[in-house]
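Take a look at the structure set out below.
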Amino acid sequence: MFCDIVAGKIPATVVNKTDRTLAFRDINPQAATHVLVVPTEHHEDAGVLAAADPGLLAEVLTAGVEVARAEGIVETGYRFVFNTGPDAGRTVFHAHLHVLGGEQLGLFGRLGR
Ligand SMILES: [Zn+2]
């Protein structure tokens, strides 16, 4: 699915683009600011990406910081999240960084907390 967004086959609201990363708004936002940053090259998840190309993982994180800056949430704070596997509720198997912020975020971890 994210490969299709990278290829332009599925429309997305792109907010940042580098040679090897693409950032776009989550279609089901969980915070006032909720942007996804993906490597344009396909990697299954963050761990696979880290092993295959640590420099690209760093580019994804750097792009996330750039998004936070552009969204004006560097001072107020933001959260980076990578979900992996069913317990984390992961549904798309192309590594993606969630950038969340723009309001006070809830706690994270066990359901119901
Ligand atoms: Zn992909």
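The mean accessible area for residues of the chain, using a 1.4 Å probe and ignoring ligands and nucleic acids, is 60 Å² per residue. The trypsin sites (Lys or Arg not before Pro) of segment 1-77 meeting both criteria, a DSSP state outside H, G, I, E and B (loop) and at most 12 other C-beta atoms within 10 angstrom of the site's C-beta, are 9. About its Cα centre, the chain has a charge dipole of approximately 280 debye under the convention of +1 per Lys or Arg Cβ and -1 per Asp or Glu Cβ, with nothing else charged. Sparse packing (at most 11 other Cβ atoms within 10 Å of the Cβ) combined with a DSSP loop state is found for the following GluC sites (Glu not before Pro) in segment 6-92: 75. Positive contributions from Lys and Arg (+1) and negative ones from Asp and Glu (-1), summed over other residues with Cβ under 11 Å from the Cβ of residue 84, come out at -2. Extension gain, residue 18-residue 80: 0.36 nm per intervening residue step, less the Cα-Cα distance, totals 20.5 nm. Toward the positive end of the charge dipole of the chain, with +1 on the Cβ of Lys and Arg and -1 on the Cβ of Asp and Glu, the farthest Cα among 51, 84, 5 is that of 84. Sites listed here are chymotrypsin sites (Phe, Trp or Tyr not before Pro) in segment 1-104 whose DSSP assignment is loop and whose Cβ has at most 16 other Cβ atoms within 10 Å: 93.
Diagonalising the gyration tensor over the Cα atoms of segment 2-101 and scaling each eigenvalue by 5 before taking the square root yields semi-axes of 19, 15, 15 Å, largest first. Under the criterion of Cα pairs below 8 Å and six or more residues apart, the relative contact order for the chain equals 30 percent.
The values are calculated or read from the model by the stated rules, or taken from the named source; none is laboratory data. What you see is a predicted model, and the numbers here were worked out from it, not measured in a lab. Every residue, glycine among them, receives a Cβ derived from its backbone with ideal geometry; neighbour counts consider all protein chains shown. All accessible areas refer to the heavy atoms of the entire protein, side chains included, with ligands and DNA or RNA removed. Shrake-Rupley method; radii C 1.70, N 1.55, O 1.52, S 1.80 Å.
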